[in-house]
Amino acid sequence: MCGIVGYTGKKKAAPILLDGLARLEYRGYDSAGLAIRDGDKDPVVVKAKGRLKVLAEKTDGGKALTGSCGIGHTRWATHGEPSENNAHPHIVDDYNVVGVHNGIIENYQQLREKMIRKGYVFYSDTDTEVAIKTIDYYYKKYTHDPIEALAKTMVRVRGSYALAVMFKDHPGKIFVARKDSPMIIGVDKDASYVASDVPAILKYTRNVYYIADLEMACIEAGKATFYNLDGDVIEKEQVTIDWDASAAEKDGFEHFMMKEIHEQPRAVADTLKSVVTPEGEKYVTDLSQAGFNADEIKSVSQIYIVACGSAYHVGMASQYVIEELVQIPVRCELASEFRYRNMPFAKDSLVIIISQSGETADSLAALRKCKAAGIKTLAIVNVIGSTIAREADHVLYTMAGPEISVATTKAYSAQLALSYILAIEMASVKGTIDEEKKQELLTEVMNIPDKIRKMLEDKERLQWFSSKLAAQKDIFFIGRGIDYSICMEGSLKMKEISYIHSEAYAAGELKHGTISLIENGTFVIGVLTQSRLYEKTLSNLVETKSRGAYLMALTSFGNYSIEDSADFVVYVPKIHELFTASLAIIPLQLLGYYVSCARGLDVDKPRNLAKSVTVE
C-alpha cells in the first residue's frame with residue numbers, strides 16, 4: 001500500500017522519481033505527488049489525484065521540475081478522501097520540512113490537537129501532515145538536528161510508518177525513519193535512493209540496505225548513514241539484489257498477471273531446487289537454509305499456519321497435506337483474527353507465517369505475538385531481508401522473483417510447493433512415512449512445474465468460455481477438503497480482478513442456507529480432484545443444477561462421466577491428490593484473468609486493492 005521513492009544525486013530527480021513510482025503502481029494508490037529541491041531553494045511540490053500519468057502530464061514527465069534531490073509518493077487513502085490536498089508530500093507553511101509517509105499514525109488526533117495548540121494550521125485530513133508538522137515542531141524547538149527531531153517524533157508516535165523527509169537547512173539530503181512499514185535504501189557511486197520496495201530502484205542500483213524498525217538514516221549522493229533511536233551511528237550490511245531487472249517488465253505480455261501466470265513453472269522449479277537436490281535416482285531434501293533441524297521437527301506437536309489473503313489459502317491447502325503426512329493437528333488462522341485472540345498455545349507448537357512480501361502488517365503482528373509467548377516460528381516469504389524474515393526463528397524463501405500484478409499467482413504457487421516439501425520432510429523426520437514413500441512424494445512434487453507448463457499450452461478453451469461469464473453478477477465455487485481450499489483461491493482471483501461477486505463454499509454446507517441463493521442461470525464452479533470426495537461433491541453440483549444453475553466442473557483426467565452433469569469441464573493432469581491444488585488453480589487463475597479482460601478492466605491494478613498490505 002502506497003509507494004515511496006526518493007533520490008539525491010547529480011541527475012534531474014523528477015524523471016527518476018516518476019519512473020520509480022511507476023514501478024510501484026502495483027502497490028495500489030489513488031493520488032500521487034513529488035517534492036523537488038534545487039540546491040538551497042524551497043522545494044517545489046506538485047500533486048495530482050488519480051493515476052500517475054496525471055502527475056506525469058502536469059510535470060512534462062518530470063522535465064518541468066529542476067533539482068537533483070526529491071521525494072515522491074503514491075497514496076492509498078486511509079485518512080481523508082483521495083484529493084490533491086490529501087495527497088503527499090506534505091509540508092509546513094514555511095517549507096522548513098516536507099515529507100512523505102507510508103503507514104498509519106494511530107494517535108494522530110492527539111498529536112494534531114497538540115500541534116494546533118502550538119500554532120500549527122492544518123490543510124488536509126491526513127495523519128501524515130500531523131507527522132510532518134510534529135517533526136517540524138521538535139526540529140525548531142530543540143537543536144535543529146534532523147535526526148533528533150525524527151527520534152523525538154518517533155517516540156511520541158503510535159502506529160506504523162516509513163517516513164522520507166527533507167529539511168530546508170539540509171539541501172541534497174533526505175532523512176528517513178521506519179517502524180513496521182517497509183523501506184530500503186540504495187546506494188550507487190554518485191547517487192542514493194529510498195524506496196518502499198525493490199522494483200522502484202532496481203533499474204539504478206542493486207546495492208541496498210534494509211533499514212530496521214526504529215532506525216533512521218540520512219542519505220546523500222552516494223552515501224548513507226544509519227542511526228538508532230538514541231541518535232548513535234550504526235553499521236548496516238549492504239545486500240546485493242540478484243533479481244533479473246527484466247522480471248519487472250512485461251516481456252511482450254499484455255499484462256503482468258498473464259506474464260506471471262506463465263512464470264509459474266519457473267518459479268515453482270526454482271523454489272523446489274532451493275530445497276531439493278537430485279542424487280542419482282533419489283531426491284535429497286535440505287531445509288538447512290531455515291536452520292530447522294531434526295530435533296526441533298521431532299518436538300513439534302501442533303502447527304498453526306497464520307496468513308492473509310492468498311497466503312491463507314496456501315495454508316488451508318497445506319493443513320490437509322501436513323495433517324495427513326505428519327499426523328499432527330494443524331490449525332490455519334487468519335492473521336487479522338489470530339493476532340487478537342487470547343488463546344492458549346499447545347505445548348511444543350510451531351507457528352508458520354506465510355507472506356509474499358514479508359511485510360504484511362497482520363502477519364507481522366501475529367509473528368510478534370507468538371515470539372512474545374515463546375512459541376517457535378517459521379516464516380515462508382519471498383523477500384530476503386524483509387521484516388518477517390528477519391524476526392522469525394526460522395525462514396524458508398520462495399524463489400518467485402518480483403511479482404507486480406496485485407493478484408498473486410506465482411508467489412501463491414511457490415508458497416504451496418515449499419509447504420509440500422516442509423510437510424514431506426517433517427513426515428520423514430517424525431517417521432510417519434518411510435524412505436520409499438518420501439521418494440514417491442518428492443517425485444510427484446518435482447513433476448509439478450512440467451505439468452503446469454502443459455496446462456498453460458491449452459488455455460484457448462478458457463478464453464472462449466470466459467466470454468460467457470462477463471455479464472455474470474454472482475459466481476459460486478464449491479468443493480470439499482483440498483478442493484475447498486482451491487475454491488477459496490479461485491473465488492478470490494475472480495472477485496478481485498473481475499469485480500464479480502463470488503464466494504467459495506464447502507460443498508457440504510450448501511444445504512445449510514446457501515442453496516437458497518441458487519436460481520435459474522446462477523453460475524457454479526465445482527472442483528472435484530479428491531477421489532474419495534468426488535461423488536459427494538458431484539451430488540452437491542447436481543443439487544444446484546436441479547435448481548437452475550449453470551455448471552463448470554474442474555476435475556482430474558479420467559473423470560469423464562462428469563460431462564453428463566456439467567455444462568463445461570476442465571481437466572487437470574493426474575498427480576498425487578495431496579498436491580492437486582498446484583494444478584487445479586491454474587485454470588481458475590486464467591478464468592479470472594480472461595473474465596476481467598472481457599469486462600475491459602485494469603487487470604494488474606484492480607480498484608481499492610494494494611499488493612502489499614502494510615497497514616492494519
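Observations
- Among the residues of region 169-185, those identified as in contact with a strand residue (DSSP E or B) (Cβ under 7 Å, 6 or more places away or on another chain) and within 23 Å of LEU229 (Cβ to Cβ) are LYS173, ILE174, PHE175, VAL176, ALA177, ARG178, LYS179, SER181, PRO182, MET183, ILE184, ILE185.
- Per-region count, region 429-449, residues more than 21 Å from VAL268 (Cβ to Cβ) and either part of a helix (DSSP H, G or I) or in contact (Cβ under 8 Å) with a residue 12 or more places away in the chain (or both): 7
- Single residue of LEU18, LEU65 found to be touching a Ser or Thr at 6+ places or on another chain (Cβ under 8 Å), modelled with pLDDT of 90 or more, assigned to a helix (DSSP H, G or I) and open to solvent by 10 Å² or more (accessible area, probe 1.4 Å): LEU18
- Being in contact with a Gly (Cβ under 9 Å, 6 or more places away or on another chain) and either buried (at least 22 other Cβ atoms within 10 Å of the Cβ) or in a strand (DSSP E or B) (or both) is a description that applies to TYR193.
- Residue list for region 541-589, restricted to those being open to solvent by 10 Å² or more (accessible area, probe 1.4 Å), in contact (Cβ under 8 Å) with a residue 60 or more places away in the chain, touching a Lys or Arg at 6+ places or on another chain (Cβ under 9 Å) and not hydrophobic (A, V, I, L, M, F, W, C): PRO573, GLU577
- Test set (1) within 17 Å of VAL5 (Cβ to Cβ); (2) open to solvent by less than 40 Å² (accessible area, probe 1.4 Å) - THR225 fails condition number: (1)
- Residue tally, condition over 21 Å from GLY67 (Cα atoms), open to solvent by 10 Å² or more (accessible area, probe 1.4 Å) and of a type in the set (Gly, Ala, Ser), over region 160-182: 1
Quick grid of which residues meet (1) in contact with an Asp or Glu (Cβ under 7 Å, 6 or more places away or on another chain); (2) surrounded by fewer than 23 Cβ atoms within 10 Å (Cβ to Cβ); (3) in contact (Cβ under 8 Å) with a residue 12 or more places away in the chain:
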{"position": "GLY315", "(1), (2), (3)": "no, no, yes"}
{"position": "LEU334", "(1), (2), (3)": "no, yes, yes"}
{"position": "PRO344", "(1), (2), (3)": "no, yes, no"}
{"position": "THR360", "(1), (2), (3)": "no, no, yes"}
{"position": "LEU367", "(1), (2), (3)": "yes, no, yes"}
{"position": "LYS376", "(1), (2), (3)": "yes, yes, yes"}
{"position": "LEU396", "(1), (2), (3)": "no, no, yes"}
{"position": "MET399", "(1), (2), (3)": "yes, yes, yes"}
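- Test: residue in region 518-534 that is within 20 Å of ALA423 (Cβ to Cβ) and in contact with a helix residue (DSSP H, G or I) (Cβ under 6 Å, 6 or more places away or on another chain): yes
- Out of GLU220, GLU215, GLU129, one residue alone is open to solvent by 40 Å² or more (accessible area, probe 1.4 Å) and either acidic (Asp, Glu) or modelled with pLDDT of 95 or more (or both). It is GLU220.
Conditions tested, residue by residue: (1) open to solvent by 10 Å² or more (accessible area, probe 1.4 Å); (2) in contact with a Gly (Cβ under 9 Å, 6 or more places away or on another chain).
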residue: PHE465; (1), (2): no, no
residue: GLN472; (1), (2): yes, yes
residue: PHE477; (1), (2): no, yes
residue: GLY481; (1), (2): yes, no
residue: GLY490; (1), (2): no, yes
residue: TYR499; (1), (2): yes, no
residue: ALA506; (1), (2): yes, yes
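- Residue within region 437-446 that is closer than 30 Å to TYR594 by Cβ and either hydrophobic (A, V, I, L, M, F, W, C) or surrounded by 23 or more Cβ atoms within 10 Å (Cβ to Cβ) (or both) present: yes
- You will find that of LEU528, LEU538, the residue that is at pLDDT below 95 and more than 27 Å from the chain's Cα centre (by Cα) is LEU538 and no other.
The values are calculated or read from the model by the stated rules, or taken from the named source; none is laboratory data. In this text the structure is predicted, and so the values were computed from the model without any measurement. Cβ sites come from the backbone with ideal geometry, for glycine too, and all protein chains shown count toward neighbours. Heavy atoms of the whole protein, side chains included, go into the accessibility calculation; ligands, DNA and RNA do not. Shrake-Rupley method; radii C 1.70, N 1.55, O 1.52, S 1.80 Å.
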